[in-house]
Amino acid sequence: MATGGDGIYIVHSDGSRTLDGCSGAAVSCLGHSHQKVIDAIVHQAQQLSFAHTSVFTSQPAEDLASLLVESSDGAFSNVMFLSSGSEAVESAIKLVRQYHICNGEPERVNFISRKYGYHGNTIGALSAGYNPPRRQPFEPLLSDAFHHVSPCFFTRDGREDETEAQYVDRLVQEYEEMFQRLGPKTVAAVMLETISGATLGAVPPAVGYLARLRALCNKHGALLLFDEVMCGMGRAGTLHAWQSLGGVAPDLQTIGKGLGGGYQPISAILVAARVHTKIAAAQAQHPFVSGHTYQGHAIGCAAALATQRAIIDDKLLKRVVDMGDLLEDEVRRQVPHLKEVRGLGLFKAAEFAPVASRGHIAPDVVKACLTNGLAVYLCSPATDAVLFAPPFIITPEQIKELVRIFAMSVKQVLERKVD
Ligand SMILES: *Cc1c(COP(=O)(O)O)cnc(C)c1O
């Protein structure tokens, strides 16, 4: 039973504590007791909690939208706030469709996404994603408008005789073939996690991959949609993950998780000016008939605004990079039996080398960590990896404590002959 929060720790009913090494699922970027965010929530609740967005906007929603637009290097002009990552993905898919209707191309109905992508659990988001165990029970309900190509995972899928550039060529060729198979004029968007998150474990794209996808979408008139629900909002060391990856911006982007840091359920879609302009200009003829009761919720926006301001005021993005480097060094130095340590900022994964006669050991490692007072995130099912995504406020001493418990837990699991 979780009854309290104290910085990076979750406090249990008996007073014992768990070090939150993954912010839940890369959510609690400011830890669990940030006073400024709590104050902002209380203040907004005293002013006004809810006013329906069909009629009203609110100051926190306007200020938060401005902050997000201004931090996007000109990539986005408009923002829509929702309550969960899945909701943001659903509405982003609909906005893509809306754009093509308004642009006189209603025949664009296909989406190209990736195997082992994760985009959420509602029917549309689950259709876009591709994690077989999550999809399996619901397969008959999923949309056939989504088509899946290979993920970008050079260190695993690159061939021995292949350079990184040749690997990217091969992946782009696979996209091109998918465009041709579907008919290039039927493709609405390419969508992907900028850095693969929950399923593969913090896999950054190969060098040049995002730029090639941008060019491919431009060539065929499709939109590019980045899902940064997990890797965005500072997790990778820049507010938007693509800002750390060569600066290739999408047309639409979903964010969630770290946006409100877990203090309130809030997510958003960021939209490029050219997409918004087209949709807004055709509003009379083609209104965007989609909405959710709690979109733009004032307390959610107030909490997210306070969260994002704290990240700026306390210069936490620099800290994310520094602590991420330390975390990576410590893991490499202390943890046995690793195949790879990867990721950006405080979004890092440790993948295990195969253990003779045993399947994946990550599930046992995650359990052992919990017993030893540390929460880390289990990536599944395509890799034998554990994800680290601690709160941005973590100190060097706490990083060392995290890695000490992790290394001890891995050793305990390896020493057990059978689990
Ligand atoms: C978590 C996640 C989602 C879904 O967000 P929910 O808030 O759980 O609905 C979507 N996309 C990515 C990349 C995620 O990591």
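Taking amide H positions as placed in the peptide plane 1.01 Å from N, state which residues far from Val149 in sequence (5 or more) or on other chains have amide H under 5 Å from it.
The list, which skips near neighbours in sequence, is Ser113, Arg114, Lys115.
Short version: ³J(HN,Hα) in whole Hz for each residue of the range 185-202, in order, from phi by Karplus 6.51 cos²θ - 1.76 cosθ + 1.60 (θ = phi - 60°), x for Gly and Pro, what are they?
With coefficients 6.51, -1.76 and 1.60, one gets 7, 9, 8, 8, 6, 9, 10, 7, 6, 4, 10, 4, x, 4, 7, 9, x, 6 Hz.
Hey, what do the phi angles of the range 225-239 turn into as Karplus ³J(HN,Hα) couplings, whole Hz, using 6.51/-1.76/1.60 and θ = phi - 60°, x for Gly and Pro?
3J(HN,Hα) across the range 225-239, in whole Hz: 10, 9, 9, 10, 4, 9, 8, x, 6, x, 4, 8, x, 10, 4.
Quick one: putting +1 on the C-beta of Lys and Arg, -1 on the C-beta of Asp and Glu, what dipole do you get for the range 158-264 around its Cα centre, in Debye to the nearest 20?
Details: 9 positive and 12 negative charges, 74 e Å.
Computed charge dipole of the range 158-264: roughly 360 debye.
Taking amide H positions as placed 1.01 Å from N in the peptide plane, with prolines and chain starts having none, which residues 5 or more places from Leu346, or on another chain, fall under 5 Å of its amide H?
Placed amide hydrogens put Gly237 under 5 Å from Leu346.
Hey, in the GNM for the chain with a 10 angstrom Cα cutoff, which one of Ala353, Ala222, Ala188 fluctuates hardest?
Highest fluctuation of the listed residues: Ala353.
With 10 angstrom as the radius, rank Phe50, Phe153 by how many other C-beta atoms surround their C-beta, starting from the fewest. Present the calculation step by step, with values, prior to reporting the outcome.
On the way: Phe50 14, Phe153 22.
With the fewest neighbours first, Phe50, Phe153 line up as Phe50, Phe153.
Name the residues whose placed amide hydrogens come within less than 5 Å of the amide hydrogen of Leu338, ignoring near sequence neighbours (fewer than 5 apart) on the same chain.
The answer is Ala353.
Which of Thr194, Thr163, Thr395 ends up with the largest GNM mean-square fluctuation for the chain, with Cα atoms connected below 10 Å?
Between Thr194, Thr163, Thr395, it is Thr163 that shows the largest mean-square fluctuation.
Mind counting lysine pairs for me in the range 36-313? Cα separation below 30 Å, and the two need to be 8 or more apart along the chain or on different chains.
Count of close lysine pairs: 13.
At 25 °C and 0.890 mPa s, what whole-number value in µm²/s does Stokes-Einstein give for the translational diffusion of the range 286-419, with Rh from the Kirkwood sum over Cα pairs?
Working: Rh = 16.9 Å.
Value of D from the Cα-based Kirkwood radius: 145 µm²/s.
Where in the chain are the DSSP H helices whose C-alpha atoms run 20 Å or more along the long axis and whose mean Kyte hydropathy is at least -0.5? Present the calculation step by step, with values, prior to reporting the outcome.
On the way: long enough: 85-102 (25 Å, 0.11); 164-182 (27 Å, -0.90); 298-313 (22 Å, 1.12); 316-334 (26 Å, -0.48); 396-415 (28 Å, 0.18).
Helices meeting the span and hydropathy rule in the chain are 85-102, 298-313, 316-334, 396-415.
Over its Cα atoms, what ratio of radius of gyration to 2.2 N^0.38 Å does the chain give?
On the way: Rg = 21.3 Å, N = 419, 2.2 N^0.38 = 21.8 Å.
The value comes to 0.98.
Return the sequence-ordered ³J(HN,Hα) values of the range 345-358 in whole Hz as given by the Karplus equation 6.51 cos²θ - 1.76 cosθ + 1.60 applied to θ = phi - 60°, using x for Gly and Pro.
Here the 3J(HN,Hα) series is x, 9, 9, 10, 10, 10, 9, 7, 6, x, 9, 3, 6, 10 Hz.
Run the numbers for Gln35 and Arg333: contour at 0.36 nm per residue of separation, minus the present Cα-Cα distance, in nm. Please list the in-between numbers first.
Numbers: separation 298, 0.36 × 298 = 107.28 nm, distance 3.52 nm.
The Gln35-Arg333 span can extend by a further 103.8 nm.
Over the C-alpha atoms of the range 163-313, what are the Rg and the largest Cα-to-Cα span, Dmax, in Å?
Over the range 163-313's Cα set, Rg and Dmax evaluate to 17.2, 51 Å.
Sort all Cα-Cα distances of the range 1-128 into consecutive 10 angstrom bins from zero, then give the percent of pairs in each bin up to the one containing the longest distance.
10, 23, 35, 23, 8, 2, 0
Over its Cα atoms, what ratio of radius of gyration to 2.2 N^0.38 Å does the range 205-284 give?
Working: Rg = 14.1 Å, N = 80, 2.2 N^0.38 = 11.6 Å.
Ratio of Cα Rg to 2.2 N^0.38 Å: 1.21.
Tell me, Arg97, Arg235, Arg159 in order of fewest to most beta-carbon neighbours within 10 Å? Display every interim value, and only then the final one.
Details: Arg97 20, Arg235 31, Arg159 9.
So the ranking, lowest neighbour count to highest, is Arg159, Arg97, Arg235.
Provide the gained length on full extension for the span Arg159 to Asn121, in nm with one decimal, where the gain is 0.36 nm per separating residue minus the Cα-Cα distance.
Numbers: separation 38, 0.36 × 38 = 13.68 nm, distance 3.29 nm.
Here the segment from Arg159 to Asn121 would lengthen by 10.4 nm.
In whole angstrom, and with the biggest value first, how far do the Cα coordinates of the range 1-69 range along each principal axis?
Its Cα atoms span 46, 27, 20 Å along the three principal axes.
How many angstrom separate the Cα center of the range 375-407 from the Cα center of the range 42-76?
Rounded to whole Å, the Cα centres lie 33 Å apart.
Once you've got the GNM for the chain with C-alpha springs shorter than 10 Å, pick whichever of Leu64, Leu225, Leu338 has the biggest mean-square fluctuation.
Leu338
Against the 2.2 N^0.38 Å scaling, with N counting residues, where does the range 112-177 land? I'd like the Cα-based Rg ratio to two decimal places. List each step's numbers first, then the result.
Working: Rg = 13.9 Å, N = 66, 2.2 N^0.38 = 10.8 Å.
For the range 112-177, the normalised Cα radius of gyration is 1.28.
Calculated from DSSP H runs of 4 or more alone, at -39500 (n - 2.57) each and per residue, what is the 222 nm mean residue ellipticity of the chain, nearest 500? Working shown, then result.
Numbers: 14 runs with 166 residues, N = 419.
It comes out at -12500 deg cm²/dmol, rounded to the nearest 500.
Readers should treat all values here as calculations from the given coordinates under stated rules, not as data from a laboratory. These figures come from a predicted structure and were not determined experimentally. Please note: Cβ atoms are built from the backbone with ideal geometry, for glycine as well, and neighbour counts cover all protein chains shown.
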